[in-house]
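The values are calculated or read from the model by the stated rules, or taken from the named source; none is laboratory data. On a predicted model such as this, the values are computed, not experimentally measured, just so you know. All Cβ positions, glycine included, derive from the backbone under ideal geometry; neighbour counts span all protein chains shown. Calculation scope for accessible area: heavy atoms of the full protein, side chains included, ligands and nucleic acids excluded. Shrake-Rupley method; radii C 1.70, N 1.55, O 1.52, S 1.80 Å.
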Amino acid sequence: MSNTLSKVIIPVAGLGTRFLPATKAIPKEMITLVDEPLIQYVVREAVNAGFTHIVLVTHSSKGAIENHFDHNFELEKTLAFKDKTALLQKVESILPEDADIISVRQPQALGLGHAILCAAPIIGDEPFGVILPDVILNNESSDLRNMVLEFEKTGKSQIMVEPVPKSEVHKYGIADCLGADIEPAKSSRIAAIIEKPKTEEAPSNLSVTGRYILDNQIMNLLKVTPKGAGNEIQLTDAIAQLMEITDVDAYRLAGQSYDCGDKLGYLQATVEFALNHPELGSDFKNWLKEYSNEKL
Ligand code: G1P
């Protein structure tokens, strides 16, 4: 079987309860980070990593996401008519030319593992990537790209990890790499993985950070994965099963991750991305300096 990756699954069916009331009528993935919705950052990250088929696992209330990546004839015609060329170019390049969006529904909220399984008919027998769109990375291209290259070289599934404080391990999948001190942007074999362990049961503080490159065999495992943490079908549990038949690596994040499904993480990302914005960055930085001198 080929190790070439072309398809990435982005599960977007979740109802965004952590961000209510903002997410009552709009998808959480459409919340804006500076001047683009969150979903646009992760789709660009996927395309920069080499993926060409973006598979959204979605829900009836999330039509705005598909609309964002589709043509809006009336808007484009109006911008062209008014000679707003720069804006027209921005709108037309939301989805890079060499990529396409395919949607599939997750009819019931049975967990992340179930969401991934919903995409199985589109994935076929190929290996694939998974991006959890709540997690936004500051270096949009290189970490996921590194994971793709490592998989294409070794054929080993890659799970992105980063250290978190011990007090936080109950929020994440946690990988046991037998104490290996993995350098940023390097991979090391995972010996065990567990979803949302209690602090005292966690084998390490290496948390799963929302980026995966997976061997296709996981689809068959997901079909028989029982409900786990939170009474949901967990991707982490299927990865634990996959490790019994093939090697799975932890890839250590080199960039910075932001949990944009959480209000504080979202605010931190807003500051970081605003500071690095090509047009707004320097004015925002000056304002932020003055603000912190006066008010903090
Ligand atoms: C999911 C995964 C978990 C991972 C986390 C990263 O959990 O199940 O393994 O560490 O995303 O954000 P969730 O945040 O959906 O509860």
Open item on the list: Taking the condition of being in contact with a His (Cβ under 8 Å, 6 or more places away or on another chain) and of a type in the set (D, E, K, R), how many residues in the stretch 162-212 meet it?
Closed with: 2
Open item on the list: Need pairs with beta-carbon distance below 8 Å; first residue without any contact (Cβ under 8 Å) to a residue 24 or more places away in the chain and within the stretch 217-242, second not in a helix (DSSP H, G or I); sequence gap 6+ or separate chains.
Closed with: PRO226/ILE233; GLN241/THR225
- [ ] Could you list, in sequence order, all residues of the stretch 225-237 that are part of a loop (DSSP other than H, G, I, E, B) and either open to solvent by less than 60 Å² (accessible area, probe 1.4 Å) or more than 9 Å from the ligand (Cβ to nearest atom) (or both)?
- [x] THR225, PRO226, GLY228, GLN234
- [ ] Scan the stretch 2-59 residue by residue and report those that are polar (S, T, N, Q) and surrounded by fewer than 21 Cβ atoms within 10 Å (Cβ to Cβ).
- [x] SER2, ASN3, THR4, SER6, THR17, THR23, THR32, GLN40, ASN48, THR52
Open item on the list: Quick test of your reading of the structure: VAL208 fulfils all but one of (1) surrounded by 15 or more Cβ atoms within 10 Å (Cβ to Cβ); (2) within 11 Å of the ligand (Cβ to nearest atom); (3) touching a residue at least 60 places away in the same chain (Cβ under 8 Å). Name the failing condition by number.
Closed with: (3)
Task: ASP181 being among the charged types (D, E, K, R) and over 25 Å from ASP259 (Cα atoms) - done: no
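Residue-wise test of (1) more than 16 Å from the ligand (Cβ to nearest atom); (2) under 22 Å from HIS170 (Cβ atoms).
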residue: LYS223; (1), (2): yes, no
residue: ILE239; (1), (2): no, yes
residue: TYR251; (1), (2): no, no
residue: GLY255; (1), (2): no, no
residue: LEU264; (1), (2): no, yes
residue: THR270; (1), (2): yes, no
residue: PHE273; (1), (2): yes, no
residue: HIS277; (1), (2): yes, no
residue: LEU288; (1), (2): yes, no
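Listed here are the residues, each with its yes/no results for (1) β-branched (Val, Ile, Thr); (2) farther than 18 Å from PRO11 by Cα.
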site: ALA175; (1), (2): no, yes
site: THR199; (1), (2): yes, yes
site: TYR212; (1), (2): no, no
site: LEU222; (1), (2): no, no
site: ILE233; (1), (2): yes, no
site: LEU242; (1), (2): no, yes
Open item on the list: Just to be sure before I move on: is ASP181 more than 10 Å from the ligand (Cβ to nearest atom), of a type in the set (Asp, Glu) and at pLDDT 95 or above in the structure I sent?
Closed with: no
- [ ] Look at the stretch 3-29 and say how many of its residues are within 13 Å of the ligand (Cβ to nearest atom) and basic (Lys, Arg).
- [x] 2
Task: Qualifying position, being over 14 Å from the mean Cα position of the chain (by Cα) and at pLDDT 95 or above, among ALA119, ALA115 - done: ALA119
Task: Selection within the stretch 122-150 - at pLDDT below 95 and within 16 Å of the ligand (Cβ to nearest atom) - done: ASN138
Open item on the list: I need every pair where a residue in the stretch 121-139 that is among the hydrophobic types (A, V, I, L, M, F, W, C) has its Cβ under 6 Å from the Cβ of a residue that is surrounded by fewer than 23 Cβ atoms within 10 Å (Cβ to Cβ) and in a loop (DSSP other than H, G, I, E, B), sequence separation at least 6 or different chains.
Closed with: LEU137/GLY255
Open item on the list: Conditions first: (1) open to solvent by 60 Å² or more (accessible area, probe 1.4 Å); (2) assigned to a loop (DSSP other than H, G, I, E, B); (3) among the hydrophobic types (A, V, I, L, M, F, W, C). LEU267 passes all but one, so which condition is the exception?
Closed with: (2)
TODO: Filter the stretch 90-108 down to residues that are modelled with pLDDT under 95 and polar (S, T, N, Q), then give me how many there are.
DONE: 2
